[in-house]
Amino acid sequence: MDDFAAREAPLEYWFFKVSSGDLALLVDWIVRKEAGEAEVRVSLWVRGQGRVVRDTARTWRARGSTVEIADATFTPTLIDGTVDDVRWQLTAVPGSARLDPVPPAARRTHPFDLELVSRPRARFSGTVEVAGETFVLRDARGTLNHYWGRRMPGSWVWLSADLDDSDVIVEAVLLHTRLWKVPKAAVLGGYVVLDGGGRNTQVLAPAYGRLSGAGDEKSFTLRARALRRELRLTTSARRKTYNDLGDGIRQTLLADVTVDDWGSCTGRAGLEFSGPRWGAHPQP
């Protein structure tokens with residue numbers, strides 16, 4: 001199936017993330033079928049100043065890999081829309097890199113709250129207008145993402161970055177998720193993927209490794225272990241750089257990240273938290 005084709009799931013998200021110069025932007029197309037509503041949510045920063053704008057609708061169109069909600073349309077190659085004083089007209093190249101962290105043996109039974117596919121080496125060109133100011137993107141680095149399932153996890157940390165002065169990308173999620181909708185059947189899972197510079201490594205938990213994390217929005221450490229591999233990722237961000245997305249979700253595209261033995265990213269990493277402070281073992 002096409003990575004971005006609509007699934008028959010109660011909850012479904014499509015989103016892209018891109019940073020270029022003074023602009024950082026993440027736009028979600030969200031369909032909540034059981035609630036009978038859809039939403040376009042824009043989280044953006046201009047010269048370090050962040051805010052969120054959104055538009056909701058009771059009707060939507062999701063056919064194949066084309067999603068239309070209110071005045072915004074998503075496809076894997078053409079993306080345009082308007083919400084409040086933000087307008088974007090972009091072409092996208094998904095790129096050859098592909099992340100699908102659910103083990104093949106589990107895909108038929110759908111044990112986790114969510115499944116996803118990510119294109120972490122997407123490129124974007126076009127224009128974004130914010131409050132009358134136009135930003136021109138030319139082959140800007142970013143990601144295209146699609147996830148779907150029964151519900152959002154109980155809590156999570158999401159990290160997405162291109163490391164400075166290299167072609168290395170890092171994508172990571174740490175989350176508490178239920179198994180087969182059973183509240184007491186919960187696991188700490190997720191993934192860490194690093195690719196570039198002639199190297200590739202990944203840890204998929206709980207199937208092929210272990211993840212752990214501790215900290216909060218200001219400072220967080222994520223550890224991944226599998227066989228003889230051990231990875232440590234440390235992140236930091238000022239609290240005032242986070243946008244409040246609602247539902248307890250805090251997000252910034254202005255974080256720092258360091259990956260031991262791989263490199264770092266300064267002021268351009270995507271970082272998102274939902275749920276209580278990590279290290280306290282919150283229940284899903």
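Which whole-number percentage describes the relative contact order of the chain, with Cα contacts under 8 Å and a sequence gap of 6 or more?
Values: 748 pairs, mean separation 39.3, N = 284.
14 percent.
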What does the accessible area per residue of the chain come to in Å², with a 1.4 Å probe and no ligands, DNA or RNA counted? 46 Å²
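How large is the dipole of the chain about the Cα centre if only Lys and Arg carry +1 and Asp and Glu carry -1, each at its Cβ, rounded to the nearest 20 debye?
Details: 39 positive and 36 negative charges, 206 e Å.
Dipole size: approximately 1000 debye.
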Would you kindly derive the ³J(HN,Hα) couplings of segment 9-15 from the backbone phi angles with the Karplus curve 6.51 cos²θ - 1.76 cosθ + 1.60 (θ = phi - 60°), listing them in order in whole Hz, with x for Gly and Pro? 9, x, 10, 8, 10, 10, 7
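Pull out a ≥ b ≥ c, the square roots of the eigenvalues of the alpha-carbon gyration tensor of segment 238-279, then state rounded if a/c is under 1.5, prolate if not and a/b is larger than b/c, and oblate in the remaining case.
Working: a/c = 3.03, a/b = 1.67, b/c = 1.81.
Oblate is the answer for segment 238-279, as a/c is 1.5 or above yet b/c matches or exceeds a/b.
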Kindly state, to the nearest 0.05, the FRET efficiency for Asn200 paired with Gln49, given R0 = 51 Å and r defined as their beta-carbon distance. 0.90
Excluding ligands, DNA and RNA, the carbon-plus-sulfur percentage of the accessible area of segment 1-121 with a 1.4 Å probe reads 47 percent
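For the ranges 76-87, 12-23, what's the packing order if you count other beta-carbon atoms within 10 Å of each residue, average per peptide, and put the highest first? Don't skip to the end; give the middle numbers.
Values: 76-87: 16.8, 12-23: 20.1.
Output ranking for 76-87, 12-23: 12-23, 76-87.
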Dipole check, the chain, charges on Cβ (K,R +1; D,E -1), about Cα centroid: among Tyr208, Leu144, Phe15 the Cα furthest to the positive pole belongs to Tyr208
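Rounded, prolate or oblate for segment 54-166? Axes are the square roots of the Cα gyration tensor eigenvalues, ordered a ≥ b ≥ c, and the cut-off for rounded is a/c under 1.5. Write out the running numbers ahead of the final one.
Numbers: a/c = 1.97, a/b = 1.32, b/c = 1.48.
It comes out oblate by the Cα gyration axes.
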Please give the peptides 202-211, 239-248 ranked by average Cβ packing (other Cβ atoms within 10 Å per residue), highest first, as a rough proxy for protection. 202-211, 239-248
So if I average 1/r over every pair of distinct C-alpha atoms in segment 206-259 and take the inverse, what Kirkwood radius in Å does that give? 12.5 Å
Given the chain reduced to its alpha-carbon atoms as identical point scatterers, what log10 I(q)/I(0) does the Debye formula return at q = 0.11 Å⁻¹? -0.60
From the phi of every residue in segment 137-148, what ³J(HN,Hα) in whole Hz does the Karplus formula 6.51 cos²θ - 1.76 cosθ + 1.60 yield, where θ is phi - 60° and glycine or proline is x? 9, 10, 6, 6, 7, x, 9, 10, 9, 9, 9, 7
Would you count, across the chain, every pair of lysines whose alpha carbons are under 26 angstrom apart, provided the pair is eight or more residues apart or spans two chains? 6
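The values are calculated or read from the model by the stated rules, or taken from the named source; none is laboratory data. What you see is a predicted model; the values in this text were computed from it and never measured. For neighbour counting, all protein chains shown are included, and Cβ atoms are generated from backbone atoms with ideal geometry for every residue, glycine included. Keep in mind that these areas ignore ligands, DNA and RNA; they rest on the heavy atoms of the full protein, side chains included. Shrake-Rupley method; radii C 1.70, N 1.55, O 1.52, S 1.80 Å.
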